[in-house]
1. Among the candidates His168, His224, which residue alone is of a type outside the set (Asp, Glu) and more than 29 Å from Asp33 (Cα to Cα)?
2. May I ask you to list the residues in the range 100-149 that are in contact (Cβ under 8 Å) with a residue 40 or more places away in the chain, buried (at least 20 other Cβ atoms within 10 Å of the Cβ) and of a type in the set (Gly, Ala, Ser)?
3. Are any residues in the range 168-183 open to solvent by 30 Å² or more (accessible area, probe 1.4 Å) and touching a residue at least 40 places away in the same chain (Cβ under 8 Å), and if so, which ones?
4. Residues that are outside any loop (DSSP other than H, G, I, E, B) and not polar (S, T, N, Q): does the range 263-271 have at least one?
5. What about Asn233, is it open to solvent by less than 30 Å² (accessible area, probe 1.4 Å) and modelled with pLDDT of 95 or more?
Amino acid sequence: MLRRMNTISGQGLAAVVKELENYAPTSWAEKWDNVGLLIEPHREKQIKKILLTNDLTEPVVNEALEKEAQLIISYHPPIFKPLTRITQSHWKERVVAACLANDIALYSPHTAWDKKSGGVNDWLSKAVNVLNIRPLEPELGAPPGTGSGRYVETKMELFQVVQSLQKHIENSVHVALAVGHNPKTVIQSVGICAGSGASLLKGIQADLIITGEMSHHEVLDFTHNKTTVLLCNHSNSERGFLYEFCQVLANSLNGQCLVYVSAVDKDPLVTVASDVNKDLSEFVDVYKH
């Protein structure tokens, strides 16, 4: 949270959306994506509180209501496939209904932030000692460094990358060793794609790839192509960027809006320790145990 409420004047929704577009134009997003302003309240009001989240789940909506947020920025678009109805029978419909009923605007940037220079993929790349970095697929007509995925040149032993990545995302990492690799293997090239990166990274010539998730058979294809795979779980490869963007957005709005990162947004998957304390109220990732 940034600044005290009694100093907050707020900004109009159009002004906030303009700043979001200036940061990462929605024209950069993949054609299949659904980005931008997804819910616009029927009554115009000042945006004083903004909640950032990776996924707009029902617990996050409740948090937004408790914080009295006027705008939710959800990295993943909660409205992706067209909704044929808005009822109480499905959680995504309930999320949309709650936003509409409470005049909460909803904006989603998704792959536009992935491509942004200094965006999600560059944040994930900070887990590696970067000697050189470039997009895997540069975005035509955009500033240098903009594009899908990242290709990083480095020089680290594999176990060092694993430790650094776990510290960076503050969660455990799944490791699939390439045939012939071991924890002391020197890594000189890394392909990076936050989220689900198998299709973008397919065929890459790299010692290592870092992404959020992929299928069993996709993992086997990479490891038999002499590429070790590090999987963070999907949203754990993205969420940490929100803490950087929180300050960026607050500054771009001249401190006129309070910007929060959700405290309840989390990846649905947790890798738990073998000695789980049955008295715990929730499972804790093994990295934090």
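1. Working: His168 fails: more than 29 Å from Asp33 (Cα to Cα).
Only one candidate qualifies: His224.
2. Once the filter is applied, which keeps residues that are in contact (Cβ under 8 Å) with a residue 40 or more places away in the chain, buried (at least 20 other Cβ atoms within 10 Å of the Cβ) and of a type in the set (Gly, Ala, Ser), the range 100-149 yields Ala105, Ser108, Ala112, Gly119, Ser125, Ala127, Gly149.
3. Filtering the range 168-183 for residues open to solvent by 30 Å² or more (accessible area, probe 1.4 Å) gives 168, 170, 174-175, 177, 179-183.
Passing the criteria: His168, Glu170, His174, Val175, Leu177, Val179, Gly180, His181.
4. Filtering the range 263-271 down to residues outside any loop (DSSP other than H, G, I, E, B) leaves none.
No, that holds for no residue.
5. On the way: open to solvent by less than 30 Å² (accessible area, probe 1.4 Å): yes; modelled with pLDDT of 95 or more: yes.
Yes; evaluated as a whole, the condition is true for this residue.
The values are calculated or read from the model by the stated rules, or taken from the named source; none is laboratory data. Not measured: the values here are computed from a predicted model. Cβ sites come from the backbone with ideal geometry, for glycine too, and all protein chains shown count toward neighbours. Each accessible area value is taken on the protein alone, full model and side chains, heavy atoms only, with ligands, DNA and RNA left out. Shrake-Rupley method; radii C 1.70, N 1.55, O 1.52, S 1.80 Å.
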